[in-house]
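The values are calculated or read from the model by the stated rules, or taken from the named source; none is laboratory data. Predicted model, so just to flag it, every value in this text is computed and none were measured. Using ideal geometry, Cβ is built from the backbone for each residue, glycine included, and neighbour counts are taken over all protein chains shown. These area figures cover heavy atoms from the full protein model, side chains too; ligands, DNA and RNA do not enter into them. Shrake-Rupley method; radii C 1.70, N 1.55, O 1.52, S 1.80 Å.
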Amino acid sequence: QVQLVESGGGLVQAGGSLRLSCAASGGSFTSYFMGWFRQAPGKERDFVAGITWSGSRTYYADSVKGRFTISRDNAKKTVYLQMNNLKPDDAAVYYCAARMGMAPSRIHLDYDYWGQGTQVTVSS
C-alpha cells in the first residue's frame, strides 16, 4: 500500500508559476510509474504528466508541453510538477498517482494509488 500526499497548490495569476509536490510513503517508490492528473469541476480527470522510475522518460499532455516539468527524487520519495506560465484553463484539482509495474499510462483507471488532490486556481 502506498500513501500519496500532494502539496503546493494555491491561487496564482495567469502567467505565474507553482511547484506541486507529492510525498509518498508505505511502498517502494522506485517500483512505480508516477503521474499527475487534474480535474476541473464537472469535467473528467485528465492526464497531465508522467515519469518513469529513473526519471529518464517523461510524458506530457499536449496542452502543457513546454510549460510544465515533472521530476522525481527517489531518495526523498517525492515527485514534483513545476508549472510555469499558468493559464486559466490550468485551474483544477491536481492529483498525484502511482501505477504499479512501472509501465507508463495516460489512463487514470490504470493507476493504483491516489492522493487527495491539491487545488490550483488561476485568475485571468
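Hey, any hits in the stretch 31-50 for a residue that's more than 14 Å from Tyr94 (Cα to Cα), open to solvent by less than 50 Å² (accessible area, probe 1.4 Å), modelled with pLDDT under 95 and assigned to a strand (DSSP E or B)?
yes
Which residue pairs have Cβ atoms closer than 7 Å, lie 6 or more positions apart in sequence or on different chains, and pair a first residue in the stretch 99-117 that is touching a residue at least 12 places away in the same chain (Cβ under 8 Å) with a second residue that is assigned to a loop (DSSP other than H, G, I, E, B) and open to solvent by 50 Å² or more (accessible area, probe 1.4 Å)?
Matching pairs, first to second residue: Arg99/Asp112; Met100/Asp112; Met102/Trp53; His108/Arg45.
Got a number for residues in the stretch 1-18 being of a type in the set (S, T, N, Q) and outside any strand (DSSP E or B)?
Going through the stretch 1-18 one residue at a time, the tally reaches 2.
Of everything in the stretch 76-124 that's in a strand (DSSP E or B), under 18 Å from Glu44 (Cβ atoms) and among the β-branched types (Val, Ile, Thr), which residue is least open to solvent (accessible area, probe 1.4 Å)?
That would be Val120.
Within the stretch 8-22, can you find the residues that are open to solvent by 50 Å² or more (accessible area, probe 1.4 Å) and in contact with a Gly (Cβ under 9 Å, 6 or more places away or on another chain)?
Listed by number, the list holds a single entry, Arg19.
Can you go through Ser21, Ser56 and tell me which one is among the hydroxyl-bearing types (Ser, Thr, Tyr) and in a strand (DSSP E or B)?
Exactly one residue qualifies, and that residue is Ser21.
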